[in-house]
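A quick write-up on the structure given underneath.
The values are calculated or read from the model by the stated rules, or taken from the named source; none is laboratory data. All of these numbers come straight from a predicted model, not from anything done at the bench. Here Cβ is always computed from backbone atoms with ideal geometry, including for glycine, and neighbour counts include all displayed protein chains.
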RNA sequence: GGGGACGUAGCUCAAUUGGUUAGAGUACCGGCCUGUCACGCCGGGGGUUGCGGGUUCAAGUCCCGUCGUCCUCGCCA
């Protein structure tokens, strides 16, 4: 038996290795048959090395793409004319003496080397092959490097890595839980954690004053480009701290992580901005600060003008705001109409536009810009000649949201020509509202979560009424328009926590049943504490230059939460359901019977069929 | 749950107004080639046009339904 274990990898051999005898293992990336001489690009995680196989290697002709092979040979220099400067290993090649095929490959469903990128569906079905592609190797390695650097930073800051349960308790608030039936306790269910929130608070009560964890979190909600049903957070919590302590730790850690993982220098401290200011200036709680296009209040102008739509919005308690696109007067009517579609998607009834000029300008608003009104409007929105001004009049939240989305849209549209600053625009968005009105359920709900401390608690202690003006001690970290994470200073007194549950309409006995253990823990001497969780899928996707977190996750799910490789979720036999005391109904029952029923005689072919 | 886009060879795509035997590149198979690295040259196989129904003399193309993928609104403490 020959020893075919590799002595070197495919990425490390260069001119200094000439003359060395080596054994290489790897995948056949490409092969070129010249009749009598045969070239193979051998690939592993570390690189690609060219093998030269002469007529003495009879197995050479049997090789096909993605076979796994081992070769023994000598590192030799290439002639000057044969050097491949595209590759680090391009100055050498392996003069192969012996070859062993370790494992044959079927014809791959798509090409690992070059070629067009296959459809997402195909890539996910054959994820193990997709992950061989250079871009995916790069993404996955970036993620590993980033998270590893961040772990080291937390360790060095004195944080303690503590695991928390995956099988835990269902929570009434927030996202829909993934449920796990209990076999031992008929009719009872575990839930997968939406986050380790309660456990990390309890760890503070236990005295672990600096906790962190790379935590899997689960939320049974619909997916987006930046949302997967199971995702990963860098979760942390600290005791005896206030907001600035949390910001400071994270700024140090992120500066270090960016430096160690990417060689980039972030500038810290990051900007801080209150939620109200972010909403008023940018129409978003995650503003992208790499470009301007700020929203401007034009109520003063609207009151002076005769434009009924604007005045009507003001009279009914709404707002009139606009933004100015520098040089935007060159946009065609068709292009402007397309912008109106954008704001309408977010509830605006229309988009008023005006090509700014002191002599009255052009567009639907021009006839309301006689005399000084044109100059007044230009001053209010900060417009110059040749700029395009865009306005929405509506309820405040509609005005802000639609213009905020329009701002994002314009910045992304090449023809709008919005100037964008390079680099990383990090900021802390602070003082989120404590509560939000759920109009449908006619009750107040937590904007963040019910354990968040209120900022101005005394103010509303008195009575009920409008709670929307109460600020919380919650904060988000935003970079380049992405919400990367959020956190808050928590309530550390059981009586305050009980009061918040009361406001949220969670009855005392319900609170006791759902969160009693937390309330109890808080009543045994809880330190003031707070924390934060960073979305690792998002931050690594963003720093890898991706616009979808799917490509930074080894085994992601589709928009309908399917794993196309495993084909999960999948039906289970009725017997397995009975064991956990579940009886399916309706369509689920039909599916369960199909799964349980013995296969007809076509069994042989059913192995390859997919549900 | 709603809206939009897409689904044709293993893969990436084309197919005019509904009209000939559904094409190309690549991959695959066979042959040739001793310096290629997107090797080249010659030849070949490969299609339930996602699935089901309908309209029509005729459907990849039009209509209805359905399944899947992607984006998105709602949703996501």
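Observations
- Residue count for the range A:568-592 satisfying the condition of being closer than 17 Å to residue A:218 by Cβ and either assigned to a loop (DSSP other than H, G, I, E, B) or away from RNA strand B (no atom under 12 Å from the Cβ) (or both): 1.
- Look at (1) at pLDDT 95 or above; (2) in a helix (DSSP H, G or I) and you find that residue A:565 fails only one, number (2).
- Some residue of the range A:53-62 being touching a residue at least 40 places away in the same chain (Cβ under 8 Å) and part of a strand (DSSP E or B): yes
- Being closer than 14 Å to residue A:31 by Cβ and either within 12 Å of RNA strand B (Cβ to nearest atom) or exposed (fewer than 14 other Cβ atoms within 10 Å of the Cβ) (or both) is a property that residue A:96 has.
- Checked against the criterion of being over 25 Å from residue A:141 (Cβ atoms) and touching a strand residue (DSSP E or B) at 6+ places or on another chain (Cβ under 9 Å), the candidates A:102, A:53 yield just one match: A:53.
- Some residue of the range A:29-40 being more than 10 Å from RNA strand B (Cβ to nearest atom) and either farther than 27 Å from residue A:137 by Cα or touching a strand residue (DSSP E or B) at 6+ places or on another chain (Cβ under 7 Å) (or both): no
- Assessment of the range A:347-357 against the conditions (over 24 Å from residue A:315 (Cα atoms), in contact with a strand residue (DSSP E or B) (Cβ under 8 Å, 6 or more places away or on another chain) and surrounded by 15 or more Cβ atoms within 10 Å (Cβ to Cβ)) yields at least one matching residue.
- Qualifying residues in the range A:50-63 (those that are within 8 Å of RNA strand B (Cβ to nearest atom) and modelled with pLDDT of 95 or more) - the one surrounded by the fewest Cβ atoms within 10 Å (Cβ to Cβ): A:52
- Each residue in the range A:358-382 was checked for being more than 38 Å from the chain's Cα centre (by Cα), closer than 23 Å to residue A:417 by Cβ and crowded, with 18+ Cβ neighbours inside 10 Å, and 5 of them qualify.
- Scanning the range A:528-558 for residues that are assigned to a loop (DSSP other than H, G, I, E, B), surrounded by 13 or more Cβ atoms within 10 Å (Cβ to Cβ) and near RNA strand B (Cβ under 9 Å from one of its atoms) yields A:548, A:556, A:557, A:558.
Here's the yes/no breakdown for (1) closer than 30 Å to residue A:181 by Cβ; (2) touching a strand residue (DSSP E or B) at 6+ places or on another chain (Cβ under 8 Å); (3) crowded, with 17+ Cβ neighbours inside 10 Å; (4) outside the structural domain of residue A:405 (by TED's automatic domain parsing):
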residue	(1), (2), (3), (4)
A:475	no, yes, yes, yes
A:490	no, yes, yes, yes
A:501	yes, no, yes, yes
A:506	yes, no, yes, yes
A:513	yes, no, no, yes
A:567	yes, no, no, yes
A:571	yes, no, yes, yes
A:574	yes, no, yes, yes
A:578	yes, no, no, yes
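- Residue in the range A:129-140 that is surrounded by fewer than 14 Cβ atoms within 10 Å (Cβ to Cβ), within 16 Å of RNA strand B (Cβ to nearest atom) and either within 23 Å of the chain's Cα centre (by Cα) or more than 24 Å from residue A:234 (Cβ to Cβ) (or both) present: yes
- Residue in the range A:142-150 that is within 11 Å of RNA strand B (Cβ to nearest atom) and under 18 Å from the mean Cα position of the chain (by Cα) present: no
- Of all residues in the range A:428-445, those that are out of contact with any helix residue (DSSP H, G or I) (no Cβ under 8 Å at 6 or more places or on another chain) and either in contact (Cβ under 8 Å) with a residue 12 or more places away in the chain or within 13 Å of RNA strand B (Cβ to nearest atom) (or both) total 9.
- Elements of the type helices (runs of 4 or more DSSP H) sitting completely within the range A:256-339 and holding at least 2 residues that are over 28 Å from the mean Cα position of the chain (by Cα): these cover A:299-304, A:308-315.
- Some residue of the range A:195-208 being part of a helix (DSSP H, G or I), under 21 Å from residue A:429 (Cβ atoms), within 14 Å of RNA strand B (Cβ to nearest atom) and not assigned by TED's automatic domain parsing to the domain that holds residue A:481: yes
- Candidate set from the range A:209-228 (those that are more than 8 Å from RNA strand B (Cβ to nearest atom) and in a loop (DSSP other than H, G, I, E, B)); member that is surrounded by the most Cβ atoms within 10 Å (Cβ to Cβ): A:228
- Against the list (1) over 28 Å from the mean Cα position of the chain (by Cα); (2) more than 10 Å from RNA strand B (Cβ to nearest atom); (3) not in a loop (DSSP other than H, G, I, E, B), the condition residue A:88 fails is (3).
- Apart from one condition, residue A:175 fits all of (1) within 24 Å of the chain's Cα centre (by Cα); (2) modelled with pLDDT of 95 or more; the exception is (2).
- Set side by side, the residues A:116, A:79 differ, and just one is more than 25 Å from residue A:137 (Cβ to Cβ) and within 7 Å of RNA strand B (Cβ to nearest atom), which is A:79.
- Answer from A:259, A:272, A:290 - the residue that is within 30 Å of residue A:246 (Cβ to Cβ) and in contact with a strand residue (DSSP E or B) (Cβ under 6 Å, 6 or more places away or on another chain): A:272
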